[in-house]
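Everything on this sheet refers to the single structure shown next.
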Number of protein chains: 2
Amino acid sequence: MESVQNKIVKAALLGAGTVGSGVYELVKERQEDFPHICGAQIEIAKILVRDASKERAGIPSDLLTDSWEEIIADDSISIIIEVMGGIEPAKSYLLEAMKAGKQVVTANKDLIAEHGHELLDTAEKYGCDFKFEAAVAGCVPIIQVLKQSMSSENITEIMGIVNGTTNYILTRMTQSGMSYDEALKEATDLGYAEADPTADVDGLDAGRKIAIMASIAFHSRVTFSDVYIEGIRNITAKDIFYAKEFNSVIKLVGIARKDENGIEVKVLPILIPQEHPLATVNDSFNAVFVHGTASDDTMYYGRGAGKRPTASAVTGDLCTVARHIIEKHSNLHVCSCYKELPIKNIQDTYSRFFLRMQVADRPGVLANITSVFGTSQVSIAQIIQKSRQNGIAELVIITDKVKELYFSDALNILKRLSIVNSISSLIRVY
Amino acid sequence: MESVQNKIVKAALLGAGTVGSGVYELVKERQEDFPHICGAQIEIAKILVRDASKERAGIPSDLLTDSWEEIIADDSISIIIEVMGGIEPAKSYLLEAMKAGKQVVTANKDLIAEHGHELLDTAEKYGCDFKFEAAVAGCVPIIQVLKQSMSSENITEIMGIVNGTTNYILTRMTQSGMSYDEALKEATDLGYAEADPTADVDGLDAGRKIAIMASIAFHSRVTFSDVYIEGIRNITAKDIFYAKEFNSVIKLVGIARKDENGIEVKVLPILIPQEHPLATVNDSFNAVFVHGTASDDTMYYGRGAGKRPTASAVTGDLCTVARHIIEKHSNLHVCSCYKELPIKNIQDTYSRFFLRMQVADRPGVLANITSVFGTSQVSIAQIIQKSRQNGIAELVIITDKVKELYFSDALNILKRLSIVNSISSLIRVY
C-alpha cells in the first residue's frame, strides 16, 4: 500500500445537474476510502457546464468550465464521466475522449441504446474502459452482474421492472384504487414523472433498457428498434381490479427471451402472480429477474433513479476504472456481442392473454365467443363474468399460451361479431 | 480476437463431488463461448479425488488423479478450483498453490470464514487472484457486488437469508402449519438438510456467511467467533401463528450493522413484516438485502445451494480469473479490510422483541408485568392475549426498540415473579 496515498487519478464530469452534483458529492465523501478501494485518490478536476458563471451549491466555481476543448486537451485527466444526457454533444465528446486515450463512465441510456455499438467498438479499438452501470436500473448492478458474475451462464430470460415512474403509477393504482390519470398526476407532482411523460408511460425508456440488457445477456446485438413496445396509458382501475381477482398485479416489464429460434424482446404491461418476486417490487423501485440454465432464477432489486442511487452506480464504475488505470489493465474487452441471433416478430411469439370485453347479455353469446377462440386454436384458461346491465355483460377471459398470430386472428373475428360491443382491454399474462 | 481461439487456460479441480462434477459439466457446456467471454479456451486438465480408480459419470477417467503433487508440479495448470470442502487439506493446498503462482477459485465457506485472513494475505503477497463467490449464497453474486459494484458505497446494513435449509423449514412451517420436527424431517428426506443438521439449524452456516459479508462490506475483519448466534430449534408453530397476527413471518437472518460505535453482527430468527422484500424469499432460496447511504436499499436473490447454481458461481469466478490471466492483470488487491472497527457486544445493541409467556390469569397480573418492563426502560408496542385455560393466560408482547441489556434485566425479573409460569419464546423483531 506504500505510495498509494500519493497516486491521484483525475476525472472530469460532463454535466452538473442532479446526477452530476450527486457524483461530485459522493466522490468528496469517499475521499479517504478511495486509496484503499482503488489504489489511488480520485479527484474531480473539472466540470463541464453550459454556463460556468452560474453558482452551483457545494461545487467550487473554479472547477466549472464551459469549454470541452479545455477538458479534452488536459492530459492529466484520464477519466471522462458523462452525466449530461441526450445524444449530442455527449456522443461526440465520448468518441473524442476515447480516441484521446481517456476512459469513459456514462449514465446515458439513450446514447447506449442507440449508439452502443459504435461507442463500444471505439472503446475496444482504443483499449479504453467504457462503463455504463447507471444507464440501466440505477444502482441495481445488473450490467456488472450480466457481464461478469453470470459470464458462464446460458441466460434464457430477463424480465425487469426498469422504469420507476410507471411502477409508481401502477403501484398507486393497485394499492389506492386510483385511476391512471390520478396516479400520473401524483407522480408528476412528486417529480417522478416529467412534464411530458411519453418516454416513461409509453414504454420507450424501458425499451431502451431491455435492449441494452438483452444485448449483454445474449451476446447478440439488440437495438431499441428491435423491441416491441406497449405502454400503460390504457390500463384502467377495472383491469387492476380483475387482476386481483386472478391473484395477480399489473406491472410494466421489459422481457427478453432466447431460444433456438432467436430472441424475443418486448416491453408491455403484464399480469404477474402475487407470489412472483417481481410482484412485490413497488413504488419507484426497479428489479431485474434473470433466468439461466445453471443459475436458475436470480433477481436484483434497488432504486432505479434518484440523485444518490444513480450517483452511487456512476461512482462504483469510476472506482473500477480508476483501479484499472492503476493496475494498468489492457484489452478490456468491452463488447461481448459475438453472436448474430435473429429477432422474432411479435406475431411469432407465444403469450397468454387477459381480455376484457363487453358483449350482448343473452343466451348463446358465450358459446359463440368461445367457438371463435376454439377455431383459432386459442384455448381458454379462466373466465369471469361479474357485471351485467342494460343488456350488456362484461366478460373477462384469460387464455392459455398461444401464438400471438392466432390470437390476433381470433380478435379480428371477435371485433366483427355483432354480439361483441367493445373490447376494452388486452393485456399479456405471465 | 485473432489468436484467442488458440489460447488455452488450464485449471485443476480439487474434488469431484456434487459441485465439482457440476463445474466440470458447465465448463464443457460453455466450451465454445469461453474464447469470446474470457479471451481463451478453458480446460479442466486434472481432477483431484481420493480414489482415482473409481468411475465417475461424465468425467473421463484419465483426468482423475489422487496425487496433489502431480497437480502442483504441473506448470501448465494456472488455476486451482477448490470444491473439496473442509479445512484441511484444502487450506494447505491453496496456500501451496498461491506460493507456486497459481490463481485460486474456491467455494469453501468454512475455510474463508476461519482462515480468510491468511489466505487473502497470501494471495495479496503472491499477486494471485483469490475468488470465492460460491462460498456465500450460492449463485447470488453478493461478493462481486459488495467488492466491486458497491465499492463507492458506505454500507451500513446487510441482512441476509443465507441458509437454504432453515429457510425451507421455516417456509414449510409458515405455509403448511407444520411443526419444526415435521418440517426438519421433510427437509432431511428431500436432501435439503444433512443427517446432522446442527450447522444449519443452529445458525453456524449462516454465521460463517455473515462474517464473510460483513468483512467485505465494512472493510474491517469480522470472524465467525465475532458473530452472536441463535438458531431455529425453538421456533414453534405457535410463534409462527402469532407472527401472522402481527402481519409478519419468521426468518433466520444474518444481520450486520455498522455505526460510529462499531459493528454489530448476529444470526437469529426474526419477525419480518410481510411487505419487506425478504419476507417473500421462500423455500431454499437465499437473498441478501444491503443498505448503503447513497444506494439506499438493494436486494440480491437466487439459489443459495444446489449442484448447478453453485457450479455457475464457481464457473463465473473461473471466467474472471481466466480473463485476468489473459489480460495479465497485476496487483489484484484481494483483501479490502483496511479498517479495524470494534465489534459490539450483543448486550450493547438495540432490538425489538417478541415475547410469548404464560402467566396467572387473574386481575392485576398485566399491570404487574407491564410495570416490570417500565422500570427496566422497555416500552411495549403491542400486546395480544388470545388463549386462557386452567387459570393460565398466554400473553404475547412486542416491545419497542430497546438496549438488549435492559431487556435482559426485565426478563430476569419476570422469570422470578410467581405470576409468570413460563417464558416460551423470545424472538427479535425487525
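Filter the range A:331-383 for residues that are farther than 28 Å from A:E230 by Cβ and in contact (Cβ under 8 Å) with a residue 60 or more places away in the chain and give the result. Those that are farther than 28 Å from A:E230 by Cβ and in contact (Cβ under 8 Å) with a residue 60 or more places away in the chain: A:N331, A:L332, A:H333, A:V334, A:C335, A:S336, A:Y338, A:A360. The residue that is farthest from A:R308 (Cα to Cα), among those in the range A:1-31 that are at the interface with another protein chain (Cβ under 10 Å from one of its Cβ atoms) and open to solvent by 40 Å² or more (accessible area, probe 1.4 Å), is A:M1. Among the residues of the range B:389-405, those that are outside any strand (DSSP E or B) and at pLDDT 95 or above comprise B:D400, B:K401, B:E404, B:L405. Search the range B:38-61 for residues that are more than 14 Å from chain A (Cβ to nearest Cβ) and pair each with any residue that is in a loop (DSSP other than H, G, I, E, B) and of a type outside the set (G, A, S) when their beta-carbon atoms are under 6 Å apart and the residues are at least 6 apart or on different chains. That search, which allows pairs on different chains as well, returns B:A52/B:D66. Set side by side, the residues B:L94, B:L146 differ, and just one is hydrophobic (A, V, I, L, M, F, W, C), surrounded by 24 or more Cβ atoms within 10 Å (Cβ to Cβ) and in contact with an Asp or Glu (Cβ under 8 Å, 6 or more places away or on another chain), which is B:L94. In this structure, does A:A187 turn out to be of a type outside the set (D, E, K, R), part of a helix (DSSP H, G or I), open to solvent by 30 Å² or more (accessible area, probe 1.4 Å) and at pLDDT below 95? For A:A187, the condition - of a type outside the set (D, E, K, R), part of a helix (DSSP H, G or I), open to solvent by 30 Å² or more (accessible area, probe 1.4 Å) and at pLDDT below 95 - is not met. All told, B:A134 falls short of being in contact with a Lys or Arg (Cβ under 8 Å, 6 or more places away or on another chain), in the same structural domain as B:V9 (by TED's automatic domain parsing) and in a helix (DSSP H, G or I). Could you please let me know if A:V145 is in a loop (DSSP other than H, G, I, E, B) and under 22 Å from A:R257 (Cα atoms)? Answer is no for this residue. Scoring B:A256 on the criteria (1) out of contact with any strand residue (DSSP E or B) (no Cβ under 9 Å at 6 or more places or on another chain); (2) open to solvent by less than 20 Å² (accessible area, probe 1.4 Å) leaves a single failure, condition (1).
Being over 34 Å from the mean Cα position of the chain (by Cα), surrounded by 13 or more Cβ atoms within 10 Å (Cβ to Cβ), away from chain B (no Cβ under 14 Å) and part of a helix (DSSP H, G or I) is a description that applies to A:V372. Restricting the range A:190-210 to residues that are part of a loop (DSSP other than H, G, I, E, B) and not small (G, A, S) leaves a set whose member that is farthest from the chain's Cα centre (by Cα) is A:L190.
The rows are residues; the columns are (1) in contact with a Pro (Cβ under 9 Å, 6 or more places away or on another chain); (2) in a loop (DSSP other than H, G, I, E, B); (3) more than 23 Å from A:G316 (Cα to Cα).
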{"site": "A:V105", "(1), (2), (3)": "no, no, no"}
{"site": "A:G116", "(1), (2), (3)": "no, no, no"}
{"site": "A:L119", "(1), (2), (3)": "no, no, no"}
{"site": "A:G138", "(1), (2), (3)": "yes, yes, no"}
{"site": "A:E157", "(1), (2), (3)": "no, no, yes"}
{"site": "A:N167", "(1), (2), (3)": "no, no, yes"}
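Would you check if A:N234 is in a loop (DSSP other than H, G, I, E, B) and open to solvent by 50 Å² or more (accessible area, probe 1.4 Å)? Yes, satisfied.
Inspection of the range A:324-338 finds no residue satisfying the criterion of being of a type in the set (D, E, K, R) and either within 22 Å of the chain's Cα centre (by Cα) or surrounded by 24 or more Cβ atoms within 10 Å (Cβ to Cβ) (or both).
For the range B:64-80, the criterion of being buried (at least 17 other Cβ atoms within 10 Å of the Cβ) and closer than 15 Å to B:C319 by Cβ is satisfied by at least one residue. Here A:S92 does not fit the description of being closer than 18 Å to A:V321 by Cα and assigned by TED's automatic domain parsing to the domain that holds A:H115.
Taking the conditions exactly as written (of a type outside the set (D, E, K, R), on the phi < 0 side of the Ramachandran plot, touching a Leu at 6+ places or on another chain (Cβ under 6 Å) and modelled with pLDDT of 95 or more), does A:V83 satisfy them or not? No; evaluated as a whole, the condition is false for this residue. Would you mind stating whether A:T156 is over 27 Å from A:T223 (Cβ atoms), within 14 Å of chain B (Cβ to nearest Cβ) and among the polar types (S, T, N, Q)? Considered against the rule, which asks whether it is over 27 Å from A:T223 (Cβ atoms), within 14 Å of chain B (Cβ to nearest Cβ) and among the polar types (S, T, N, Q), A:T156 comes out as no.
In the range B:339-350, the residue that is most open to solvent (accessible area, probe 1.4 Å) out of those that are within 14 Å of B:A256 (Cβ to Cβ) and not basic (K, R) is B:P342.
Residue by residue, here is whether (1) of a type in the set (V, I, T); (2) modelled with pLDDT of 95 or more; (3) at positive phi; (4) surrounded by fewer than 24 Cβ atoms within 10 Å (Cβ to Cβ) holds:
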{"residue": "B:V105", "(1), (2), (3), (4)": "yes, yes, no, no"}
{"residue": "B:D110", "(1), (2), (3), (4)": "no, no, no, yes"}
{"residue": "B:H115", "(1), (2), (3), (4)": "no, no, no, yes"}
{"residue": "B:Y126", "(1), (2), (3), (4)": "no, no, no, yes"}
{"residue": "B:C139", "(1), (2), (3), (4)": "no, no, no, no"}
{"residue": "B:M150", "(1), (2), (3), (4)": "no, no, no, no"}
{"residue": "B:N154", "(1), (2), (3), (4)": "no, yes, no, yes"}
{"residue": "B:V162", "(1), (2), (3), (4)": "yes, yes, no, no"}
{"residue": "B:G177", "(1), (2), (3), (4)": "no, no, yes, yes"}
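Only residues that are touching a residue at least 12 places away in the same chain (Cβ under 8 Å), surrounded by fewer than 19 Cβ atoms within 10 Å (Cβ to Cβ) and polar (S, T, N, Q) were counted across the range A:394-417, and they come to 1.
Within the range B:339-369, the set of residues being more than 14 Å from every other protein chain (Cβ to nearest Cβ), assigned to a loop (DSSP other than H, G, I, E, B) and under 30 Å from the mean Cα position of the chain (by Cα) comprises B:P342, B:K344, B:N345, B:T349.
Is there a residue in the range A:297-315 that is open to solvent by less than 10 Å² (accessible area, probe 1.4 Å), at the interface with chain B (Cβ under 9 Å from one of its Cβ atoms), in a strand (DSSP E or B) and touching a Pro at 6+ places or on another chain (Cβ under 6 Å)? There is at least one residue in the range A:297-315 that is open to solvent by less than 10 Å² (accessible area, probe 1.4 Å), at the interface with chain B (Cβ under 9 Å from one of its Cβ atoms), in a strand (DSSP E or B) and touching a Pro at 6+ places or on another chain (Cβ under 6 Å).
The values are calculated or read from the model by the stated rules, or taken from the named source; none is laboratory data. These figures come from a predicted structure and were not determined experimentally. Positions of Cβ are backbone-derived with ideal geometry, glycine not excepted, and every protein chain shown enters the neighbour counts. Ligands, DNA and RNA are excluded from the accessible area calculation, which covers all protein heavy atoms including side chains. Shrake-Rupley method; radii C 1.70, N 1.55, O 1.52, S 1.80 Å.
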